[in-house]
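Submitted below is the structure of interest, expressed as structure tokens.
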């Protein structure tokens, strides 16, 4: 029923000024529209609607992720823009925070300005 419908991803912010800079300038997403209720960005033809809320408790799990073709280059580019990658005691990650799964997929996690966890994945 929905397999042919366009996906819209939702995330929240209580600091729209910082979120606009992070998603637009740091991540390089195309700004579509800014309203009093949401910041709307285009991520490779997927709409990301960043809802403006009064208070926010970020979830402890990943809320958005991107599939990338070269995770090493992407991580280095984001580090150059002052993005910090997360390290987990339970995962064997390299010095940049990239974990290689048993099947060879590579994953790295980082947070946005509101503490929402985002990820990058490079499939084998």
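Looking at the chain, send over the antiparallel percent of its DSSP beta bridges, to the nearest 5.
Numbers: 20 of 31 bridges.
In the chain, approximately 65 percent of DSSP beta bridges are antiparallel ones.
Considering only DSSP beta bridges with both partners in the stretch 8-53, what is the antiparallel share in %, to the nearest 5? Display every interim value, and only then the final one.
On the way: 10 of 16 bridges.
In the stretch 8-53, approximately 60 percent of DSSP beta bridges are antiparallel ones.
While we're here: log10 I(q)/I(0), Debye, Cα-only the stretch 8-53, no solvent, q = 0.14, 0.28 Å⁻¹?
-0.25, -1.04
Among 53, 103, which comes first, then next, by fewest other beta-carbon atoms within 10 Å? It would help to have the intermediate numbers written out before the result.
Details: 53 13, 103 7.
Listed from fewest to most nearby Cβ atoms, that is 103, 53.
What angle, in degrees between 0 and 90 and rounded to the nearest 10, separates the Cα long axis of helix 71-80 from the longest principal axis of the Cα atoms of the chain?
Approximately 60 degrees, to the nearest ten.
If you don't mind, another one. Could you list 124, 117 in order of exposure, starting from the residue whose Cβ has the fewest other Cβ atoms within 10 Å? Mind dumping the intermediate values first?
Working: 124 8, 117 17.
Fewest-to-most ranking of 124, 117: 124, 117.
Using only the Cα atoms of the stretch 62-124, what do you get for the radius of gyration and for Dmax, in Å?
So, for the stretch 62-124, Rg and Dmax equal 10.9, 32 Å respectively.
Rule-based calculations on the coordinates, nothing more; no lab input. Computed from a prediction, not measured in an experiment: that's the story for all the values here. Counting neighbours? That spans all protein chains shown, and the Cβs are built from the backbone with ideal geometry, glycine included.
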